[in-house]
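Okay, so here's the structure we're looking at.
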Amino acid sequence: MSAADITPTRFPLLLNAGIAAAFALLGAAGAWWWEGRSGSLSSGQRAEIEQVVHDYLMAHPEVLPKAMAELESRQNASQLAKFRPDLERASAGTVLGNPQGRVTLIEFTDYACGFCRRSVDDVDALIAANPDLRVIVRELPILTPSSADAAKMAIAAAEQGRYAQFHKAMFEAGNPSAKTIASAAATAGLDMDRALRIAADPGTEAELVRNLDLAKQLGFSGTPSWVVGDAMLSGAVGRDSLAEAIASAQSGTQGT
């Protein structure tokens, strides 16, 4: 079969993604060249290039996962760019770890979420291992009506500078209810009159609405969900996956 006999329709649809991913792996220059030239190539020239890439990928399939991961990272970076200022602004003071840390991990969480509860130890370990890590917790009370009450009390705790204490106590107290929320607030040492005023303030409700809107814009539909650097992760992904994403984000900040 000659190059002239090969047309793009003879290849699986995945090939186009493979070509894009292959050029992504080769770097920005390769991707720029393909994007700039592919539309001006003749069908024969395009087919020859696609055949070369196809043959390379078939001979070296191990590069495709890496290339696809690079492509996904670039797509995430583009999507996150317009949301990052809002994502990384902890207006309610819901911060764990180093408030001035250069690497930021954002967690969307719900106090009724069992997977979020299990992730508490992972986050604590990551903070202990990374002194330069800032963790912004975005309250996303989507599971039960009492989740919203707990989230509002958490924001009230943040206003008193007691967020970390309430956050841990609330997960330890069990599923959100009037009783467990009051217990966690007492454990955190909150001024309850002041806390109840903040919890009932319209601005607190507005903060939860912003979090919900951000989650939707990013395509998150459950908790926990995470953003660190250009990585977006959903579910209880585990300490190792989070540590890998943090390390990648750290290498990016060191290069700037």
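The values are calculated or read from the model by the stated rules, or taken from the named source; none is laboratory data. Remember, it's a predicted structure, so these values are computed and weren't measured experimentally. Glycine gets a Cβ as well: all are built from the backbone with ideal geometry, and neighbour counts include every protein chain shown.
Per-structure values
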{"quantity": "Residue, surrounded by the fewest Cβ atoms within 10 Å (Cβ to Cβ), within region 157-198, restricted to residues that are over 27 Å from the mean Cα position of the chain (by Cα) and part of a loop (DSSP other than H, G, I, E, B)", "calculated": "Gly189"}
{"quantity": "Residue that is under 18 Å from Leu105 (Cα atoms) and part of a strand (DSSP E or B), where the choices are Leu233, Leu242", "calculated": "Leu233"}
{"quantity": "Odd one out for Ser248, checked against (1) surrounded by 15 or more Cβ atoms within 10 Å (Cβ to Cβ); (2) in contact (Cβ under 8 Å) with a residue 40 or more places away in the chain", "calculated": "(2)"}
{"quantity": "So Ala151, is it touching a Pro at 6+ places or on another chain (Cβ under 7 Å) and not in a helix (DSSP H, G or I)", "calculated": "no"}
{"quantity": "Pairs with Cβ under 6 Å, 6+ apart, first in region 143-157 and closer than 15 Å to Asn211 by Cβ, second at pLDDT below 95 and surrounded by 22 or more Cβ atoms within 10 Å (Cβ to Cβ)", "calculated": "Ile155/Ala92"}
{"quantity": "Unique match (being touching a Leu at 6+ places or on another chain (Cβ under 9 Å), in the same structural domain as Phe115 (by TED's automatic domain parsing), without any contact (Cβ under 8 Å) to a residue 24 or more places away in the chain and among the polar types (S, T, N, Q)) among Ser225, Ser234, Ser221, Ser241", "calculated": "Ser241"}
{"quantity": "Index of the failed condition, Ser147 passing every other in (1) within 25 Å of Ala81 (Cα to Cα); (2) surrounded by 15 or more Cβ atoms within 10 Å (Cβ to Cβ)", "calculated": "(1)"}
{"quantity": "Single residue of region 85-98 satisfying the filter (assigned to a loop (DSSP other than H, G, I, E, B) and touching a strand residue (DSSP E or B) at 6+ places or on another chain (Cβ under 6 Å)) that is surrounded by the fewest Cβ atoms within 10 Å (Cβ to Cβ)", "calculated": "Glu88"}
{"quantity": "Complete set of residues in region 86-132 that are under 13 Å from Lys168 (Cβ atoms) and of a type in the set (Lys, Arg)", "calculated": "Arg117"}
{"quantity": "From the options Asp110, Asp132, residue that is acidic (Asp, Glu) and farther than 30 Å from Asp193 by Cα", "calculated": "Asp132"}
